[in-house]
1. Within the stretch 94-115, which residues are of a type outside the set (G, A, S) and over 25 Å from S130 (Cβ atoms)?
2. Among the basic types (K, R) and touching a residue at least 60 places away in the same chain (Cβ under 8 Å), is that true of R26?
3. Being buried (at least 19 other Cβ atoms within 10 Å of the Cβ) and in a loop (DSSP other than H, G, I, E, B) is the filter; apply it to the stretch 149-170 and report the residue that is farthest from the chain's Cα centre (by Cα).
4. Here is a list: G197, G201, G187. Which entry is free of Cβ contacts under 8 Å to residues at least 24 places away in the same chain, in the same structural domain as D10 (by TED's automatic domain parsing) and within 23 Å of F58 (Cα to Cα)?
5. Filter the stretch 1-20 for residues that are within 28 Å of V55 (Cα to Cα) and part of a loop (DSSP other than H, G, I, E, B) and give the result.
6. Among the residues that make up the stretch 247-261, is at least one of them outside any loop (DSSP other than H, G, I, E, B), farther than 22 Å from L94 by Cα and more than 13 Å from the chain's Cα centre (by Cα)?
7. So, in the stretch 212-242, how many residues would count as being among the acidic types (D, E) and within 13 Å of the chain's Cα centre (by Cα)?
Amino acid sequence: MPNIRMIVYDLDGTLYRDQGHFVYYRDRLSAAAPRVAAFERDYERIAEERHPLRVGAFYDGRNGRICGPDGVSAWDGRIIEVGSGPYDALIGALEEERDLGEWLYIGDLWWVMVALAAQHRVPPEDLRRSFLATRAHMMDDAVPVPEVPELREFVQARREEGVVQVLATNSPEPDSRAIIRKLGLDGVFDVCSFVTGKPAGLPARLEAWGAEFGVSRDRILMVGDNYRNDVVPARRCGCRTAFVDSHRVPHPVRATYRLRRLEDLFCLWPSVEVTRGP
């Protein structure tokens with residue numbers, strides 16, 4: 001592995017793993033759903049992994065289909081097409097950043113909620129309002145965001161070694177700043193990028209940060225939990241990648257490291273050669 005001189009971190013789902021805010025999000029969305037009980041029943045089935053919709057699957061909002069490694073199913077789980085062929089083809093298109101057509105890749109729990117809302121015909125404006133209300137809820141000082149043990153110490157230690165520390169999130173700045181503060185990460189990043197526009201916007205950002213700090217892309221490590229948003233574009237433009245796979249996606253992963261949790265990166269670091277200085 002080449003010397004690492006920059007680490008770029010995703011925020012949501014990567015630097016914290018608390019999921020309590022999704023209950024708040026669920027309540028907002030269910031209130032806007034035409035059939036509240038059906039919405040909440042499906043939410044529980046998904047949360048308990050008794051539903052075909054999951055992180056790493058694909059969802060077709062036009063026809064209510066779900067594509068996974070065992071085939072294509074209807075929303076209720078009835079099998080439409082058996083076999084891994086359709087799923088393999090979609091994963092191939094995702095890896096090459098080709099158009100997925102009517103299919104939406106479920107990259108994390110936020111996208112699970114988008115698909116659930118679409119299936120239950122929650123109006124787009126209500127989806128948007130519910131999302132923003134959830135992010136505002138997360139800003140409330142009364143709502144805790146538990147810290148990942150030793151995360152601040154890890155980031156600070158790498159920064160002292162001369163490794164540039166970058167935060168790159170798709171989320172808005174105000175709520176992201178509040179979460180950063182709750183995590184005890186104020187002031188530890190050299191760069192904070194909000195509304196980054198991943199996946200399409202990530203390569204240009206990586207190139208710009210590399211130019212600013214004099215770091216070639218093969219010495220950048222991208223760390224994230226959304227395979228399509230974080231790993232694929234970073235890998236394709238020559239960066240190293242660490243995929244935080246807390247949801248155990250059911251497809252092959254082309255990442256430098258595949259981690260179950262962020263702390264696994266801390267354990268790996270002694271084996272990674274670091275170039276000191278800018």
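1. To start, the set of residues in the stretch 94-115 that are of a type outside the set (G, A, S) comprises 94-100, 102-106, 108-114.
Across the stretch 94-115, the qualifying residues are L94, E95, E96, E97, R98, D99.
2. Numbers: among the basic types (K, R): yes; touching a residue at least 60 places away in the same chain (Cβ under 8 Å): yes.
It is true that R26 is among the basic types (K, R) and touching a residue at least 60 places away in the same chain (Cβ under 8 Å).
3. Step one: of the stretch 149-170, the residues buried (at least 19 other Cβ atoms within 10 Å of the Cβ) are 151, 154-155, 158, 163-170.
The next check asks that each one be in a loop (DSSP other than H, G, I, E, B); those that pass are 163, 169-170.
Values: V163: 23, T169: 9, N170: 9 Å.
Checking each candidate, the answer is V163.
4. G201
5. D10, L11, G13, T14, L15, R17, D18, Q19, G20
6. Start the filter on the stretch 247-261 by keeping residues that are outside any loop (DSSP other than H, G, I, E, B), which leaves 257-259.
Next, from what is left, pick out any that are farther than 22 Å from L94 by Cα: none.
So far as the stretch 247-261 goes, no, none of its residues is outside any loop (DSSP other than H, G, I, E, B), farther than 22 Å from L94 by Cα and more than 13 Å from the chain's Cα centre (by Cα).
7. First, the residues of the stretch 212-242 that are among the acidic types (D, E): 212, 218, 225, 230.
Within this subset, residues satisfying the condition of being within 13 Å of the chain's Cα centre (by Cα) are 225, 230.
The total comes to 2.
Table: residues versus (1) within 23 Å of the chain's Cα centre (by Cα); (2) under 29 Å from L265 (Cβ atoms); (3) assigned to a helix (DSSP H, G or I).
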{"site": "V23", "(1), (2), (3)": "yes, yes, yes"}
{"site": "L29", "(1), (2), (3)": "yes, no, yes"}
{"site": "R41", "(1), (2), (3)": "no, no, yes"}
{"site": "E49", "(1), (2), (3)": "yes, yes, no"}
{"site": "R62", "(1), (2), (3)": "no, no, no"}
{"site": "D76", "(1), (2), (3)": "no, no, no"}
{"site": "Y87", "(1), (2), (3)": "yes, yes, yes"}
{"site": "A93", "(1), (2), (3)": "yes, yes, yes"}
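The values are calculated or read from the model by the stated rules, or taken from the named source; none is laboratory data. Every value quoted in this text rests on a predicted model; they were computed, and no experiment measured them. Here the Cβ is made from the backbone with ideal geometry for all residues, glycine too, and neighbour counts use every protein chain on show.
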